[in-house]
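Read the structure below first, then the notes.
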Amino acid sequence: MRIYPTFFKLAFSWMDAEKAHKIGFRAIRLAHSSGAGRILGRFTAPHPSLRTEALGLTFPSPFGLAAGFDKEGHGIEALSELGFGHVEVGTITGQAQPGNEKPRLFRLVEDRAVINRMGFNNDGASAVAPRLKAARAGLQRAHAGVRPVIGVNIGKTKVVELEDAVEDYLVSARSLAPAADYLVVNVSSPNTPGLRLLQNVETLRPLLSAVGETADHAAGRHVPLLVKIAPDLSDEDVDDVARLALDLGLDGIIATNTTISRDGLASDAAKVEACGAGGLSGAPLKQRSLDVLKRLKAAVGDQLVLIAVGGVETAADVQERLDAGATLVQGYTAFLYEGPFWAARINKGLAKGR
């Protein structure tokens with residue numbers, strides 16, 4: 001019997017969503033610092049049959065945590081103890097910034113969805129880099145064999161003009177690439193003004209080329225580089241990004257980020273409107289995210305690693321993405337609704353099918 005949905009309803013559903021997130025994340029980190037997380041990890045560790053080769057790395061499971069939950073690298077080890085095969089940190093910007101004004105995170109419980117306009121609130125690349133280095137060392141000590149993978153998602157600082165965006169991304173690449181297992185260029189959040197304009201292939205080409213070269217130089221090795229795209233791109237734009245990724249020799253594409261669409265929601269329209277602007281994530285994104293994945297797979301075949309994210313809730317959802325061409329799958333929003341044993345349940349379901 002699962003008790004977390006009842007606990008969520010009683011303890012968190014009435015609370016400000018961002019405050020609830022901070023309390024829950026603090027509890028997860030406390031479990032790690034007290035030593036309870038390591039004990040828990042013995043029961044949540046993915047079965048060896050789930051090990052997945054991608055990006056030149058070995059992932060303990062194909063299922064990981066998407067960027068957005070741990071924005072600043074405070075809980076990588078703690079989250080890994082819950083069974084995630086990888087944790088993608090971020091989005092991190094070249095400069096520290098507070099993000100948008102609160103409230104900026106809203107639940108649509110009827111849709112098992114979230115609307116956020118956080119605005120890349122984070123401490124900045126130079127502050128996050130030492131945390132990544134420490135977490136990587138900690139994971140290596142705790143895992144004699146295959147350790148969970150650390151991804152790092154970088155974006156544009158809000159106050160930086162679009163014409164200066166490349167150099168801003170390079171600030172993050174120089175600081176963060178040495179401790180990253182892979183790096184993601186985020187040009188698809190709807191919450192930084194003008195950011196999505198960078199998805200235009202003419203703008204995206206020099207950005208990705210510069211970030212890739214700088215990251216490899218800073219790390220002294222090849223750092224796998226991916227780009228994260230929006231579900232709101234037209235099919236033709238998705239095809240253009242796929243061709244560009246192949247042309248540049250990128251390692252992969254993450255599909256997809258949040259959507260600005262509000263179509264097909266079960267929640268009261270007035271409630272949705274009251275939430276205001278922001279990116280929608282969760283169950284309503286499932287079909288479009290899957291469609292984008294399938295289109296990318298048709299375009300790139302096996303030449304790129306595709307990471308699917310958007311509307312993933314169950315082991316069956318994860319397997320559907322894997323069957324549709326994803327090598328790795330990420331989740332986030334359902335974590336808020338399903339609780340700390342969500343990843344372990346998904347891993348268990350996946351292992352049953354192996």
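The values are calculated or read from the model by the stated rules, or taken from the named source; none is laboratory data. Since this is a predicted model, take the numbers as computed values, not measurements. Because the Cβ atoms are built from the backbone with ideal geometry, glycine has one as well, and the counts that use them run over all protein chains shown. To get the accessible areas, we keep the full protein, side chains included, count just its heavy atoms, and leave off ligands, DNA and RNA. Shrake-Rupley method; radii C 1.70, N 1.55, O 1.52, S 1.80 Å.
Please find the FRET efficiency linking ILE23 to ARG51, where r is the Cβ-Cβ separation and R0 is fixed at 41 Å, and quote it to the nearest 0.05.
Rounded to the nearest 0.05, the efficiency is 0.75.
Report, in deg cm²/dmol and to the nearest 500, the calculated mean residue ellipticity at 222 nm for the chain, where each DSSP H run with n ≥ 4 adds -39500 (n - 2.57) and the sum is divided by the residue count.
Helix contribution divided over all residues of the chain: -13000 deg cm²/dmol.
Highest mean first, what order results for 328-336, 93-101, 53-61 on Cβ atoms within 10 Å?
328-336, 53-61, 93-101
Looking only at PRO340, PRO48, PRO62, which one moves most when the chain is put into a Gaussian network model with springs between Cα atoms under 10 Å?
PRO48
If you take the Cα Rg of the chain and divide it by 2.2 N^0.38 Å, with N the number of residues, what do you get?
So the Cα radius of gyration is 0.91 times the expected 2.2 N^0.38 Å.
Structure shown: which of LYS156/LYS228; LYS19/LYS102; LYS297/LYS348; LYS158/LYS228; LYS22/LYS158; LYS19/LYS71 lie over 20 Å apart, alpha-carbon to alpha-carbon?
LYS297/LYS348; LYS22/LYS158
For the chain, what is the accessible area per residue in Å² when the probe is 1.4 Å?
With the other protein chains kept in place, the chain gives 42 Å² per residue.
Given points 7 Å out from each Cα along the Cα-Cβ axis, report the ALA144 to GLU161 separation in nanometres with one decimal.
Rounded to a tenth, the inter-label distance reads 5.8 nm.
Find which of ILE346, ILE229, VAL318 sits farthest along the positive direction of the dipole of the range 225-354, computed with +1 on the beta-carbon of Lys and Arg, -1 on that of Asp and Glu, about the Cα centre.
The listed residue farthest towards the positive side: ILE346.
Run the numbers on the chain and let me know its relative contact order in percent, using alpha-carbon pairs under 8 Å that are six or more apart.
19
At 7 Å along the Cα-to-beta-carbon direction for both LEU246 and LYS271, put a label point, then send me their distance in nm to one decimal.
4.5
Roll a 1.4 angstrom probe over the protein heavy atoms and tell me the percent of accessible area of the range 256-354 that is carbon or sulfur.
Of all accessible area on the range 256-354, carbon and sulfur atoms account for 53 percent.
Roughly how many debye, to the nearest 20, is the charge dipole of the range 208-247 about its Cα centre, given +1 on each Lys and Arg Cβ, -1 on each Asp and Glu Cβ, and no other charges?
That gives the range 208-247 a dipole magnitude of about 380 debye.
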